[in-house]
Amino acid sequence: MEDVFDTTGRPPKGWMHAVFHGGPYGEGEDVGRCIPGPPAPATLSVPLPEGGVHVYRLWTVGSWSDPDDPIAVYNPDGPPVPPPLLTAQERQWTQEGRRRRGPRPVRIVALTDDGQMAYDPDAPAIEAMLAGLQERQYVVLQRLTDHDEGDFSLQVLLAEDATYEVEHQAGTTGERQWTRSASAAEVRATVLRWTATQRNRCTELEDPTARDGS
């Protein structure tokens, strides 16, 4: 990230003020530091003198004095970020790749924080993913839909207090529903039920006669 500073209270156009907690910018050297925005980036990668990078995560955006001067607050322990959903292009590539290997299309993909992707995971595979979650880690399941259907996904986060946060996203409206549970068994049942429902929906879309059994 380019180092841009401002001591006038008005950062250059296309930049905004930021405060950093921890990491290479968190030792009192962030006064007047600016970042691209608004909007503030969800993550910022800062090169380290010894090599590698330090990733900051956006915690919040606020203003202490001037509402026209938003200030982004970054924290290395900020909210965990789920793996991004596959884009429409990536969904198309995935389906085309599977068609070359066989007739059965991909219906569900599972994404994890370590960049792993599983195609049409069965119940044992899903249970293993959930059992392997560490604090602040996600498992994301996404139904591969046509471009005009929107995204159908389910995210499971194991929070710091050992509870699970489950988020459903459905369709072009982007409607989201959140639930929280301390029961791993309850969450496992929810995820398996969602997966079965989405697979059945895919079957109906591929063969409309399957809905009425004709």
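Calculate the FRET efficiency for A131 and D3 from the Cβ-Cβ distance with a Förster distance of 45 Å, rounded to the nearest 0.05. Intermediate values should be presented prior to the final figure.
Working: r = 44 Å, r/R0 = 0.97.
In this case the efficiency is close to 0.55.
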- Message: If amide hydrogens are placed 1.01 Å from N in the peptide plane, which non-local residues have theirs closer than 5 Å to the one on M16?
- Response: I35, G37
- Message: Need the full-extension length gain, A196 to R180, defined as separation in residues times 0.36 nm minus the C-alpha distance. One decimal, nm.
- Response: 3.7 nm
- Note on the structure: Simple SL model, points at 7 angstrom along Cα→Cβ for V61 and R104; separation in nm is 4.4
- Query: Whose amide H sits under 5 Å from the amide H of R107, counting only residues 5 or more places off or on another chain, with H placed in the peptide plane?
  - Reply: D120
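Laboratory data are not the source of any read-out in this text; all were calculated from the coordinates shown. Source: prediction; values computed, not measured. Reconstructed Cβ throughout: ideal geometry from the backbone, glycine too, with neighbour counts over all protein chains shown.
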